[in-house]
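Reading through the structure tokens given below for one structure.
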Amino acid sequence: RRGKIEPEAILQRLQQLLELPDLPRTIECIDNSNIQGTEPVAALVLCRDGKMDKKGYRHYKIRTVHGPDDFASMTEVVGRRLDRLISEKKPFPDLLLVDGGKGQLTAALEAMSRRNLLGDVNVAAIAKGRRGAPIIRDRFDRVFLPGNPVPIDFSADTSALRLLQRIRNEAHRFAITFHGNRRRKRSLQSVLDEIPGVGPTRRRELYRKFRTLQRIRQASVDELLDTPRLDQRTAQAIYDYFRTESTS
């Protein structure tokens with residue numbers, strides 16, 4: 001049985017493979033999510049010394065891109081992250097990893113170019129292997145560096161690739177979760193807006209307490225009254241609205 005590889009050794013191997021000037025103790029990864037073209041968002045996760053650091057996680061609502069344009073969204077989010085680090089006078093990560101292939105890498109480089117930061121930020125892209133590859137598809141993920149059309153060969157050290165995959169998968173999970181929450185909140189908002197007495201403040205309190213529209217639909221008047229800022233009349237109006245809806 002092979003012994004467990006220490007995180008420091010994995011980081012050292014990753015530094016060699018990606019030709020990084022320093023040990024990648026801080027790795028940030030950005031992933032976009034725009035399922036069905038609605039509520040486009042992005043997420044950033046942080047890996048510090050080989051372990052995920054949730055204090056460094058960030059969510060982004062896409063501001064400047066309309067429709068499912070993953071490349072433009074990546075340019076926006078990478079730019080916003082760089083702007084924040086600059087304004088707060090914080091160091092850039094040892095490695096910025098973007099989820100995607102050459103297109104996403106080019107988009108990230110565009111954000112850096114606009115800020116005259118090309119060469120100042122170490123960046124790489126990790127792309128999922130093509131469909132039809134063997135069952136263990138993760139081994140066929142490809143990692144690209146700027147200026148090199150050929151993916152990095154991780155065959156001699158899968159532990160380094162697995163670290164990047166773990167970080168990318170966590171960014172994907174975080175982005176998908178945020179996207180799902182945004183869509184549920186939008187659905188909840190559109191329905192509750194039709195009920196008299198439910199404004200933005202009460203809608204927000206209902207969302208905090210029940211989390212889903214289904215749970216609000218099933219709530220009794222007494223359960224609704226447990227919601228902060230909700231009075232008897234509004235609670236009854238919500239209850240009646242969903243009972244009328246279910247019988248119409």
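The values are calculated or read from the model by the stated rules, or taken from the named source; none is laboratory data. It should be emphasised that the depicted structure is a prediction, and the values quoted were computed from it without experimental measurement. Here Cβ is always computed from backbone atoms with ideal geometry, including for glycine, and neighbour counts include all displayed protein chains. The area values use the complete protein model at the heavy-atom level, side chains included, leaving out ligands, DNA and RNA. Shrake-Rupley method; radii C 1.70, N 1.55, O 1.52, S 1.80 Å.
What to note about this one:
- D222/R84 FRET efficiency (R0 41 Å; Cβ-Cβ; nearest 0.05): 0.35
- Here the gap between R173 and D231, fully extended at 0.36 nm per residue and compared with their Cα-Cα distance, gives a gain of 17.1 nm.
- In loop segments of the stretch 27-128 as defined by DSSP, the GluC sites (Glu not before Pro) with at most 14 further C-beta atoms inside 10 Å of their C-beta are E88.
- Derived scalar couplings ³J(HN,Hα) [the stretch 61-78; Karplus, 6.51 cos²θ - 1.76 cosθ + 1.60; whole Hz; x for Gly, Pro]: 8, 5, 9, 9, 10, 10, x, x, 10, 5, 5, 5, 5, 5, 4, 4, 5, 4
- Where labels lie 7 Å past Cα in the beta-carbon direction, separation of R243 and R211 in nm: 2.7
- Distance violations [Cα-Cα > 31 Å] among K128/K209; K102/K209; K61/K89; K55/K209; K51/K209; K54/K89: K128/K209; K102/K209; K51/K209
- Calculated accessible area for the stretch 1-129 comes out at 53 Å² per residue, all protein chains present (probe 1.4 Å; ligands, DNA, RNA ignored).
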